[in-house]
Amino acid sequence: MSETRPAPDPVATADALRRGLAGLVEGLPPNRAAQAVERLIASYRGETPTDAPILRDRADVVAYAAYRMPATFEAVRAALDALRAAAPGWTPATHTDIGGGTGAASWAVAGEWRTETTVLDWAEPALALGRELAGAAGGAGPYGARWERARISGALRLDPADLVTVSYVLKELTEADRTAVVTEAARAGSAVVVVEPGTPDGYRRIIAARELLLTAGMTIAAPCPHGGPCPIEPGSDWCHFSARVARSSLHRQVKGGSLGHEDEKFSYVVATRFPVRPASARITRRPQIRKGLVLLDLCTEHDGLDRVNVTKRQGPLYKDARDAAWGDEWPPPED
């Protein structure tokens, strides 16, 4: 890899991605872009066979990339932040992005580490656009990435990689293919990050993936503080988190409204084959701030789900609680 590549910078990477996507959308008629996004969203909510790519042509890919890449990027970046917190000294040299499409997860990885990335996807138009975006970004995007066409199914075979990401992919697969793909990721990867939409259905797929990763002998690094059964009673709730995403003009056109941001809800699991320090507890809901009091809903290492009250009389811990965010480790790690 080139020695002149700048050091990874998540902010610069996010800015480069936004600029690249904005430039692509300028080439599409506004109505065409909005119609493509609406149709593609409807397709993604249905059943999709793995041998029939949803992203059929450049217009489809540009519209959907502009609409979904920023949200996927932020969700994966949050999961990677949790991995870095659990393994601060670890640096991946190689990365495989399963079903990566235009490369949102690979952009998130590029913002964290200098990593040789291979993006695998069935849709050639998505891979072509991913190459174009990365090439235009120079060192700020996936650097020197390989974009390879591959059917994401039970037949998938991977070369060994330090990091394997599987983001917003499992819904598109049959149950048998989901099991095979996650099992193959666990075989090939030293660390595996799986991200799905933060819905009850997405959470169920994450729990299934978590069990497969544990069965493969991996250790849960995040978000769970433990490798035991999830303490959430099935059907009563679901574990998910939130990432803030800047809304583009295309977002506002499709969804309406004038807010400059939206919150992407996502569920995830990170597992590794090397030692990690999971959080002793993780905040599972947005903290509730009251006068002189902060309520924190936690998933804990030993006591399952818990709610703690942090009062003003607790001094520095109270300040930490007021600054804490949904998804953070609790208490904050010492510097």
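The values are calculated or read from the model by the stated rules, or taken from the named source; none is laboratory data. Worth saying up front: this structure is predicted, and the values here are computed from it rather than measured. For neighbour counting, all protein chains shown are included, and Cβ atoms are generated from backbone atoms with ideal geometry for every residue, glycine included. Keep in mind that these areas ignore ligands, DNA and RNA; they rest on the heavy atoms of the full protein, side chains included. Shrake-Rupley method; radii C 1.70, N 1.55, O 1.52, S 1.80 Å.
Things worth noting here:
- Candidate set: the stretch 237-253, residues that are at pLDDT below 90, open to solvent by 10 Å² or more (accessible area, probe 1.4 Å) and outside any helix (DSSP H, G or I); chosen: the one nearest to T199 (Cα to Cα): R244
- Subset of the stretch 215-236 [open to solvent by less than 60 Å² (accessible area, probe 1.4 Å) and part of a loop (DSSP other than H, G, I, E, B)]: A216, G217, M218, P223, C224, P225, H226, G227, G228, C230, P231, I232
- A Cβ distance below 8 Å, combined with a sequence gap of six or more or placement on separate chains, defines the contacts here; from the stretch 121-139, residues that are closer than 13 Å to G23 by Cα reach no residue that is surrounded by fewer than 17 Cβ atoms within 10 Å (Cβ to Cβ) and among the β-branched types (V, I, T).
- Residue that is open to solvent by less than 40 Å² (accessible area, probe 1.4 Å) and part of a helix (DSSP H, G or I), where the choices are V166, V182: V182
- Within the stretch 305-328, the set of residues being under 12 Å from I283 (Cα atoms) and part of a loop (DSSP other than H, G, I, E, B) comprises A324, A325, W326, G327, D328.
- Of the residues examined, A34 is one that is more than 29 Å from A271 (Cβ to Cβ), open to solvent by less than 20 Å² (accessible area, probe 1.4 Å) and modelled with pLDDT under 90.
- Filtered residues of the stretch 154-180 (kept if of a type in the set (V, I, T) and in contact with a strand residue (DSSP E or B) (Cβ under 7 Å, 6 or more places away or on another chain)): V164, T165, V166, V169
- Scanning the stretch 287-331 for residues that are of a type outside the set (D, E), exposed (fewer than 14 other Cβ atoms within 10 Å of the Cβ) and under 21 Å from A243 (Cβ atoms) yields Q288, I289, R322, A325.
- Candidates G256, G304 - the one that is under 15 Å from P223 (Cα atoms), modelled with pLDDT under 95 and of a type outside the set (D, E, K, R): G304
- If you go through the stretch 57-68 and keep only what is surrounded by fewer than 24 Cβ atoms within 10 Å (Cβ to Cβ) and assigned to a helix (DSSP H, G or I), you end up with R58, A59, D60, R68.
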